[in-house]
Amino acid sequence: MLYDTIIIGGGPAGLSAAIHLAWHNRAALVIDRKTGPLFFTLEKLYNVPGMPATKGIQIQKQLKEQAVELGAEVVKDNVTSATGTEGNFSITCESGKVWSAKTLLLATGMARYHPTVDGDYKPCFAYAGKGNMFYCPDCEAPEIKDKDTIVIGTASANGAAGMALGLSRYTDRLRILLTSDSELSDDRREKLTAKNIQTIRGQLQALHGKKGILSELALTDGSVLQAEAFFVSSPVRGRTDLAQQLGVEMAATGNHAQPQSQRGDTNVPGVWIAGDLRPMTQQVSVAMGTGNIAAIMIDQHLRKQDIA
Ligand SMILES: Cc1cc2nc3c(=O)[nH]c(=O)nc-3n(C[C@H](O)[C@H](O)[C@H](O)COP(=O)(O)OP(=O)(O)OC[C@H]3O[C@@H](n4cnc5c(N)ncnc54)[C@H](O)[C@@H]3O)c2cc1C
């Protein structure tokens with residue numbers, strides 16, 4: 001079968017696109033391996049319009065149900081290769097299945113690096129997005145209001161300082177743990193001093209807490225840092241592999257695919273992008289909006305072909 005559109009990625013961007021395309025009676029297939037943040041975020045999200053105080057997994061469920069109800073197909077699989085040109089793209093999955101489509105929408109999202117704890121990032125899984133270990137100021141900064149908070153800087157010291165300075169609108173009890181050798185600029189150092197934000201250097205040996213709530217950081221020098229909330233400052237890594245396979249231009253960030261316009265079209269005819277894969281902030285409603293606009297453009301594009 002030749003689908004009108006194959007959507008790779010079934011987070012809020014991909015599913016929102018599927019909703020619009022299915023509503024317009026387009027044959028739309030969503031392929032998703034279910035590694036997006038909302039599958040793992042146990043905290044409630046407070047800023048998604050129309051879905052107040054809703055858990056990530058519930059948002060995924062509602063969007064998927066709406067897409068399927070309207071006629072979209074959603075399958076769980078990992079796409080390993082994307083080839084072809086407009087009118088006949090070929091998508092190969094880890095399961096061995098091969099799918100074909102006239103157009104493609106890439107909504108593969110991005111990943112964030114976790115801090116390493118005794119050389120391993122996996123101990124963070126017990127706390128990341130589960131209660132009081134946060135990553136995204138645009139999403140979660142209000143959660144730390146008036147709380148004693150440690151920013152864990154994994155890479156650039158200035159990046160961690162910038163995050164802490166931004167968070168100082170929400171709490172005046174902030175410290176920074178710098179786990180890399182990166183140096184602070186004089187300007188950032190002065191600003192931190194003015195805000196009474198202390199910097200500590202050290203390596204994480206263990207994370208201590210209960211039921212998703214992190215309470216203390218044990219450092220390799222034997223010291224222990226306790227706090228009520230933790231914010232991680234770490235680089236992002238766009239899931240750009242398929243976009244690159246197809247020849248989609250990369251954004252200057254190096255971590256995202258570059259749209260040609262706000263509509264999400266790319267330099268490759270027949271390929272659109274949406275959501276966190278685009279060089280924007282990471283937000284559910286932005287992902288939904290960019291998924292929706294890409295889907296509208298894909299439908300209009302196919303309609304022009306139908307008419308021609
Ligand atoms: C801890 C945390 C808390 C957050 N809190 C909030 C919040 O409070 N409010 C808010 O608005 N936003 C929040 N966000 C951000 C929000 O989750 C993202 O902006 C949003 O999920 C992006 O949607 P997306 O569809 O672009 O990508 P994603 O949700 O990342 O979905 C992409 C999907 O594509 C799939 N995929 C990727 N590559 C392949 C492949 N090769 N084959 C098959 N499938 C593939 C992935 O498995 C994933 O399921 C938070 C994020 C995190 C990490």
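Taking region 268-292 as the region of interest, how many residues are part of a strand (DSSP E or B) and within 7 Å of the ligand (Cβ to nearest atom)? Give the steps one after another, and end with the answer.
Quick first cut of region 268-292, residues part of a strand (DSSP E or B) only: 271-273.
Restricting the remaining residues to those that are within 7 Å of the ligand (Cβ to nearest atom) gives none.
Qualifying residue count, region 268-292: 0.
Kindly establish whether LEU204 is over 16 Å from VAL117 (Cβ atoms) and either surrounded by 13 or more Cβ atoms within 10 Å (Cβ to Cβ) or in contact with a helix residue (DSSP H, G or I) (Cβ under 8 Å, 6 or more places away or on another chain) (or both).
Working: over 16 Å from VAL117 (Cβ atoms): no; either surrounded by 13 or more Cβ atoms within 10 Å (Cβ to Cβ) or in contact with a helix residue (DSSP H, G or I) (Cβ under 8 Å, 6 or more places away or on another chain) (or both): yes.
Judged against the criteria, LEU204 is not a match.
Restricting attention to strands (runs of 3 or more DSSP E) lying wholly within region 189-252, give those where 3 or more residues are under 22 Å from the mean Cα position of the chain (by Cα) and in contact (Cβ under 8 Å) with a residue 24 or more places away in the chain. Give the derivation first.
On the way: elements: 198-201, 204-210, 213-219, 224-226, 229-233, 236-238.
The strands (runs of 3 or more DSSP E) meeting that bar are 229-233, 236-238.
Of the residues ALA229, ALA295, only one is more than 26 Å from LEU165 (Cα to Cα), within 15 Å of the ligand (Cβ to nearest atom) and at pLDDT 95 or above; which? Walk me through how you get there before you give the answer.
Working: ALA229 fails: more than 26 Å from LEU165 (Cα to Cα).
On inspection, the qualifying residue turns out to be ALA295.
List the number of the failed condition for LYS211; all other conditions in (1) surrounded by fewer than 19 Cβ atoms within 10 Å (Cβ to Cβ); (2) on the phi < 0 side of the Ramachandran plot; (3) of a type in the set (Lys, Arg) hold.
Just one mismatch for LYS211, condition (2).
Give the residue that is farthest from GLY202 (Cα to Cα), with candidates limited to residues of region 93-133 that are hydroxyl-bearing (Ser, Thr, Tyr) and part of a strand (DSSP E or B).
Filtering region 93-133 down to residues hydroxyl-bearing (Ser, Thr, Tyr) leaves 95, 100, 103, 108, 113, 116, 121, 127.
Within this subset, residues satisfying the condition of being part of a strand (DSSP E or B) are 100, 103.
On the way: SER100: 51, THR103: 49 Å.
If we take residues in region 93-133 being hydroxyl-bearing (Ser, Thr, Tyr) and part of a strand (DSSP E or B), then SER100 is farthest from GLY202 (Cα to Cα).
Identify, by number, the condition in (1) modelled with pLDDT under 95; (2) near the ligand (Cβ under 6 Å from one of its atoms); (3) buried (at least 19 other Cβ atoms within 10 Å of the Cβ) that VAL79 doesn't meet.
Of the numbered conditions (1) modelled with pLDDT under 95; (2) near the ligand (Cβ under 6 Å from one of its atoms); (3) buried (at least 19 other Cβ atoms within 10 Å of the Cβ), the odd one out for VAL79 is (1).
Would you please list the contacts, defined by Cβ atoms under 6 Å and residues six or more apart or on different chains, that run from a residue in region 117-137 that is assigned by TED's automatic domain parsing to the domain that holds GLY222 to a residue that is of a type in the set (A, V, I, L, M) and in a loop (DSSP other than H, G, I, E, B)?
Qualifying pairs under 6 Å: LYS130/LEU42.
Any residue that is within 11 Å of the ligand (Cβ to nearest atom) and farther than 18 Å from GLY264 by Cα - is there at least one of those in region 20-31?
Scanning region 20-31, I find at least one residue that is within 11 Å of the ligand (Cβ to nearest atom) and farther than 18 Å from GLY264 by Cα, so the answer is yes.
Which one of ALA161, ALA72 is of a type outside the set (Asp, Glu), more than 20 Å from the chain's Cα centre (by Cα) and over 30 Å from ASP32 (Cβ atoms)? If you could, list the steps in order and put the result at the bottom.
On the way: ALA72 fails: over 30 Å from ASP32 (Cβ atoms).
Just a single option satisfies the conditions, and that option is ALA161.
Would you tally the residues in region 5-47 being surrounded by fewer than 21 Cβ atoms within 10 Å (Cβ to Cβ) and more than 25 Å from ILE144 (Cα to Cα)?
Selection size over region 5-47: 7.
Could you go through region 45-55 and let me know if any residue there is under 21 Å from ASP299 (Cβ atoms), more than 8 Å from the ligand (Cβ to nearest atom) and not small (Gly, Ala, Ser).
The initial filter retains those residues of region 45-55 that are under 21 Å from ASP299 (Cβ atoms), namely none.
Checked region 45-55: no residue is under 21 Å from ASP299 (Cβ atoms), more than 8 Å from the ligand (Cβ to nearest atom) and not small (Gly, Ala, Ser).
Which one of these does GLU65 not meet: (1) within 29 Å of LYS102 (Cβ to Cβ); (2) in a helix (DSSP H, G or I); (3) touching a helix residue (DSSP H, G or I) at 6+ places or on another chain (Cβ under 9 Å)?
Status for GLU65: all satisfied but (3).
Hey, could you check region 92-114 for residues that are within 13 Å of the chain's Cα centre (by Cα) and of a type in the set (A, V, I, L, M, F, W, C) and say which is nearest to the ligand (Cβ to nearest atom)?
ALA107
Residue-by-condition table, conditions (1) surrounded by 13 or more Cβ atoms within 10 Å (Cβ to Cβ); (2) touching a helix residue (DSSP H, G or I) at 6+ places or on another chain (Cβ under 8 Å):
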| residue | (1), (2) |
| --- | --- |
| GLY84 | yes, no |
| ILE91 | yes, no |
| VAL98 | no, no |
| LEU104 | yes, yes |
| ALA111 | yes, no |
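Regarding LYS145, is this residue modelled with pLDDT of 95 or more, surrounded by fewer than 15 Cβ atoms within 10 Å (Cβ to Cβ) and closer than 23 Å to VAL48 by Cα?
Details: modelled with pLDDT of 95 or more: yes; surrounded by fewer than 15 Cβ atoms within 10 Å (Cβ to Cβ): yes; closer than 23 Å to VAL48 by Cα: yes.
Yes: the conditions hold for LYS145.
The values are calculated or read from the model by the stated rules, or taken from the named source; none is laboratory data. All figures in this text were calculated on a predicted structure; none of them were measured in a lab. FYI the Cβ positions are ideal-geometry reconstructions off the backbone, even for glycines, and counts take in every protein chain you see.
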